[in-house]
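Here the structure is laid out as structure tokens; the discussion comes afterwards.
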Amino acid sequence: MQTLAQYLTSQSLPSSLEKLIFTLADTSKTISLAVRNGALAGVLGATEQENIQGETQKKLDIITNDMLKESLKADLAVRGLASEEEDHIVEANNEGQYLVCFDPLDGSSNIDINSLVGTIFSVLPMQKPVSQGSLTEQHFLQSGRHQVTAGYMLYGPSTMMALTTGQGVQFFTLDPNSQEYLLTNDNVNISPDTAEFAINMSNQRFWEAPMQTYIDELLLGTLGPREKAFNMRWIAAMVGDVHRVLSRGGLFTYPADHKNPKKPFKLRLMYEANPMAWLVEQSGGKASTGYENILDIEPEHIHQRVAVILGSRNEVDICLRHHQGDN
Ligand code: AHG
Ligand code: MN
Ligand code: MN
Ligand code: MN
């Protein structure tokens with residue numbers, strides 16, 4: 001099995017980008033250990049602080065954010081970073097060519113029940129020269145099409161990393177003995193059709209009409225237009241749900257809802273939706289808000305939220321037809 005190092009060498013990436021991927025991979029090993037130690041290390045539970053999204057931060061949200069912030073700031077390739085747990089962008093190194101957006105701990109409500117969590121990352125190029133002035137949020141506001149690397153680490157029964165640099169999607173599994181990431185799937189492919197969907201059904205009454213009718217159709221099973229019984233899964237960690245979709249197909253959505261009129265969307269564009277959308281596209285699937293391709297959105301804010309529909313392309317297309325009023 002190829003190690004991550006051997007795999008990256010074969011890809012002829014710019015050496016600074018290769019090094020940056022190592023920084024992320026190495027930090028995830030420390031995060032994996034902290035997550036695995038759980039109560040033994042006293043890292044479970046919540047703090048009294050809130051992040052900019054108004055979510056109460058778990059201890060591990062802060063610990064993992066600090067780990068990534070520290071290692072990325074020490075990487076000379078990094079110009080700056082944006083994180084779910086940082087209200088504002090953070091400057092790193094003046095000469096750095098890359099900007100890193102990350103969700104240090106996705107699914108953090110799962111941490112206290114010893115269930116799936118992960119880390120999501122998206123790397124953007126530093127496009128505009130920072131003449132005299134300092135780095136601004138403006139530098140980060142690039143569509144997902146500009147990503148040069150994206151992926152996630154999943155801290156499950158095994159620790160895994162999904163990676164794309166624009167050459168398909170690869171899965172690596174962390175060998176607990178050697179602490180090396182080993183290539184375990186070099187050609188992740190999402191089946192175009194599926195009979196599995198993922199949505200938080202408890203929000204049903206708050207969804208818009210197109211999602212209501214689409215899900216109603218799935219629930220009809222063999223009596224519905226696709227004449228097949230659909231199964232449902234919900235991990236409450238996007239990283240786990242997307243990993244399932246990449247592994248065996250499916251449709252995952254966190255649609256718009258009017259539960260809280262001030263907050264119609266849940267997932268964040270720059271460090272949740274964009275990296276996952278690119279991974280999904282790179283494995284033959286599709287990702288949309290219902291009305292536009294996620295990767296085409298021109299961001300207005302680093303913490304901006306969006307509706308997300310992604311996965312097996314034929315099923316996503318059917319869902320999109322409902323949004324276009326064709327069903
Ligand atoms: P985070 O833990 O980083 O704040 O993200 C949680 C997100 C996402 O991972 C998951 O799909 C969704 O929130 C779960 O939402 P519900 O609590 O509505 O199930
Ligand atoms: Mn959160
Ligand atoms: Mn998240
Ligand atoms: Mn998070």
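None of the figures in this text is laboratory data; all of them are computed from the coordinates on show. What you see is a predicted model; the values in this text were computed from it and never measured. As a convention, Cβ positions derive from the backbone with ideal geometry for all residues, glycine included, and neighbour counts pool all protein chains shown.
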ask   = Considering region 198-232 alone, what residues qualify as being over 24 Å from Val242 (Cβ atoms), of a type in the set (Gly, Ala, Ser) and loosely packed, with under 14 Cβ neighbours inside 10 Å?
value = Ala209
query = Quick one: in region 96-105, which of the residues that are assigned to a strand (DSSP E or B) and over 15 Å from Ala34 (Cβ atoms) is nearest to ligand 4 (Cβ to nearest atom)?
reply = Asp103
message = What's the number of the only condition in (1) under 22 Å from Ile297 (Cβ atoms); (2) under 14 Å from the mean Cα position of the chain (by Cα); (3) more than 16 Å from ligand 3 (Cβ to nearest atom) that Asp103 fails to meet?
response = (3)
ask   = Among the numbered criteria (1) without any contact (Cβ under 8 Å) to a residue 60 or more places away in the chain; (2) within 16 Å of ligand 2 (Cβ to nearest atom), which single criterion is violated by Pro104?
value = (1)
message = Condition first: surrounded by fewer than 17 Cβ atoms within 10 Å (Cβ to Cβ), within 13 Å of ligand 4 (Cβ to nearest atom) and not hydrophobic (A, V, I, L, M, F, W, C). Can you find one or more residues in region 56-79 that meet it?
response = yes
ask   = If you scan region 12-45, which residues turn out to be more than 21 Å from Thr159 (Cα to Cα) and in contact with an Asp or Glu (Cβ under 8 Å, 6 or more places away or on another chain)?
value = Gly45
task = Tally the residues that are within 16 Å of ligand 1 (Cβ to nearest atom), more than 21 Å from the chain's Cα centre (by Cα) and buried (at least 16 other Cβ atoms within 10 Å of the Cβ), restricting the search to region 6-45.
result = 2
request  = Tally the residues that are of a type outside the set (A, V, I, L, M, F, W, C) and within 21 Å of Met232 (Cβ to Cβ), restricting the search to region 278-320.
outcome  = 10
note = Screening Glu91, Glu85, Glu137 for residues that are closer than 23 Å to Asn37 by Cα and either over 19 Å from the mean Cα position of the chain (by Cα) or crowded, with 23+ Cβ neighbours inside 10 Å (or both) leaves only Glu85
Evaluation of Phe230 against (1) closer than 30 Å to Ala5 by Cα; (2) more than 16 Å from ligand 3 (Cβ to nearest atom); (3) free of Cβ contacts under 8 Å to residues at least 60 places away in the same chain (one fails), failing number = (1)
ask   = Is there a residue being in a loop (DSSP other than H, G, I, E, B) and under 15 Å from Gly311 (Cα atoms) anywhere in region 258-267?
value = no
task = Need at least 3 residues that are touching a helix residue (DSSP H, G or I) at 6+ places or on another chain (Cβ under 8 Å) per element, so show me which strands (runs of 3 or more DSSP E) inside region 1-93 make the cut, counting only ones lying wholly within it.
result = 46-50, 78-83
request  = Scan Val239, Val245 and give me the residue that is of a type in the set (Val, Ile, Thr), within 16 Å of ligand 1 (Cβ to nearest atom) and farther than 24 Å from Asp112 by Cα.
outcome  = Val245
note = Taking region 270-299 and keeping residues buried (at least 18 other Cβ atoms within 10 Å of the Cβ) and over 22 Å from Glu315 (Cα atoms) leaves Met270, Tyr271, Pro299
ask   = Of Leu295, Leu251, Leu310, which residue is more than 16 Å from ligand 2 (Cβ to nearest atom), farther than 22 Å from Trp207 by Cβ and touching a residue at least 60 places away in the same chain (Cβ under 8 Å)?
value = Leu295
request  = For region 99-125, name all the residues that are over 23 Å from Ala277 (Cα atoms), surrounded by fewer than 24 Cβ atoms within 10 Å (Cβ to Cβ) and aliphatic (A, V, I, L, M).
outcome  = Ile113
query = Among (1) within 13 Å of ligand 1 (Cβ to nearest atom); (2) farther than 19 Å from Phe121 by Cα; (3) surrounded by 19 or more Cβ atoms within 10 Å (Cβ to Cβ), where does His323 come up short?
reply = (1)
ask   = Based on what the data block shows, is Gly96 closer than 22 Å to Ser16 by Cα, surrounded by 24 or more Cβ atoms within 10 Å (Cβ to Cβ), among the small types (Gly, Ala, Ser) and away from ligand 1 (no atom under 16 Å from the Cβ)?
value = no
